[in-house]
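Only one structure is covered here, and it is reproduced in the block below.
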Amino acid sequence: ELGAHTLGLSGGTALLSFCYHPIPIVFSKAKDVHVWDPEGRKYLDFLSAYSAVNQGHCHPRILSVLVQQCQQMTLSSRAFYNDKFPIFAKHVTKLFGYEMVLPMNTGAEAVETALKLARKWGYERKGIPTNEGVIISCCGCFHGRTLGAISMSCDNEATRGFGPFLPGQLKVEFGNADALKTIFEVHGNKVAGFLFEPIQGEAGVILPPKGYLQSVRELCSKYNVLMIADEVQTGIARTGKLLACEWEGVRPDVVILGKALGGGVLPVSAVLADKDVMLCIRPGEHGSTFGGNPLASAVAIAALEVVVEEKLAERAVEMGQVFRNQFLDVQNAYPDIIREVRGQGLLNAVELNAKGLSSVSAFDICQQLKERGILAKPTHDTIIRFSPPLTIRLEELSEAAKAFKEVLEHDLP
Ligand code: PMP
């Protein structure tokens, strides 16, 4: 029985499960777009570990590099050089078009890195007096669970009881370029960075109005503020481009990568920037024991190669369109229940109409979807995010739309 299984693992696991209110299923095997529970039941994964498995679970090429590198060497620490990091650095900077990369491990750590970088840049290049630099972030944002990252957040659940937070922090409405301009006008000479997600993932796949990213670029250039794109969830082809900012032809000053950079195999994150910005941090001022380790570097190279060679960005565009068309059909059949189908590439959400649902929540629907072999996770009471591996095929998308329709038809009170 699942409850007993979860609780039986250890007190710590039970607590963790509680913290994250997961859908009650235990994964014991995974391959490409599928996962299996311990009883051997097969499911389609429509979360891909919050977009960390863009390449599909246990991709053979990534696994083979992992095993090979494990047999060679796994860790040098940053006290010494290793032979794999320079190859990764060359690869990632060339692919994304930046001069330098600073390697970290998790997304939140890379966000912290970018915040430190922005403050240091503000101090050194913009002449902001020490301790006076301001970072602006967006309401609805999610940048991770560390203290710096939650200091950027307006979300009560993420922040309640964890204060005091980072000083030098201002918040602005996401998608509102005029509001950003007003803040820049008032505080511009103290603002070091504007941190944002091109599409807000955890907020429920919120797309900004068209032209927003371009306006942000213009404003950041005009007021000499670092434009810092957190592409941890939207990057690595998830939205149909290597970076979501490419949809508006915009080049941020700093890009944060994570999740799928490790191919769903290892935690690998990175901050990209040009020399003028990156060199504000000098040796001894920042680092991580595991950042840039040879195993992570080798895996990340393979993870990026798979994305490019398997044309996963193009697939995300094509399959994303199919997904939205299929779910729009479901919406047309159930307009009372589905309020909106939205997304870009394979980062999509179905928003439910709270009124039409009576007491049923997105969580209940996800539980029922699970019974029908589809795994998705709500971001809110009324929003279900769908972010499958980018290797997903048309038939599998149809399976999900069919299951969703069946849940609405048969499983709701
Ligand atoms: N930034 C964004 C946009 C994210 O979506 C996430 C994770 N959901 C993070 C940062 C944090 O990444 P991690 O969980 O690896 O720390």
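Read-outs throughout are calculated quantities, based only on the coordinates presented, and are distinct from any laboratory measurement. Worth saying up front: this structure is predicted, and the values here are computed from it rather than measured. As a convention, Cβ positions derive from the backbone with ideal geometry for all residues, glycine included, and neighbour counts pool all protein chains shown.
Among all stretches of the chain without exposed GluC sites (Glu not before Pro) (DSSP loop, at most 11 other Cβ atoms within 10 Å), which one is longest? It runs 40-284. Bridging of K31 to lysines at a Cα separation below 20 Å is possible for K42, K259, K311, K370, K377, once same-chain residues fewer than 8 apart are set aside.
Across the chain, the longest run free of exposed loop sites, meaning trypsin sites (Lys or Arg not before Pro) lying outside DSSP classes H, G, I, E and B with no more than 10 other Cβ atoms within 10 Å, spans 211-413. I'd like the distance between the alpha-carbon centres of the range 26-72 and the range 93-164, rounded to an integer number of Å. Each part reduced to its Cα centre gives a spacing of 30 Å. A dipole drawn for the range 202-314 from +1 and -1 charges on Cβ atoms has a positive end, and of S215, C245, L272 the residue lying farthest that way is S215.
Please compute the net charge surrounding E285, taking Lys and Arg as +1 and Asp and Glu as -1 over other residues with Cβ under 14 Å from its Cβ. Walk me through the numbers on the way to the answer.
Values: positive: R78, K116, R119, K120, R282; negative: E112, E124.
Net charge around E285: +3.
Can you compute the charge dipole magnitude of the chain about its Cα centre, using +1 on each Lys and Arg Cβ and -1 on each Asp and Glu Cβ, nothing else charged? Give it in debye, rounded to the nearest 20.
Details: 41 positive and 45 negative charges, 182 e Å.
The dipole magnitude comes to about 880 debye.
Provide the net charge surrounding I383, with neighbours chosen by a C-beta distance below 12 Å and charges set as Lys +1, Arg +1, Asp -1, Glu -1.
On the way: positive: R339, R342, K377, R385; negative: E202, E340, E351, D381.
Surrounding charge for I383 is 0.
By the Kirkwood approach, averaging reciprocal distances over each pair of separate Cα atoms, the range 95-166 gets a hydrodynamic radius of 13.6 Å. Note on the range 322-413: Rg/Rh from C-alpha atoms, Kirkwood Rh, equals 0.92.
Could you tell me what % of all Cα pairs in the chain have separations over 40 Å? The answer is 16 percent, as a whole percent.
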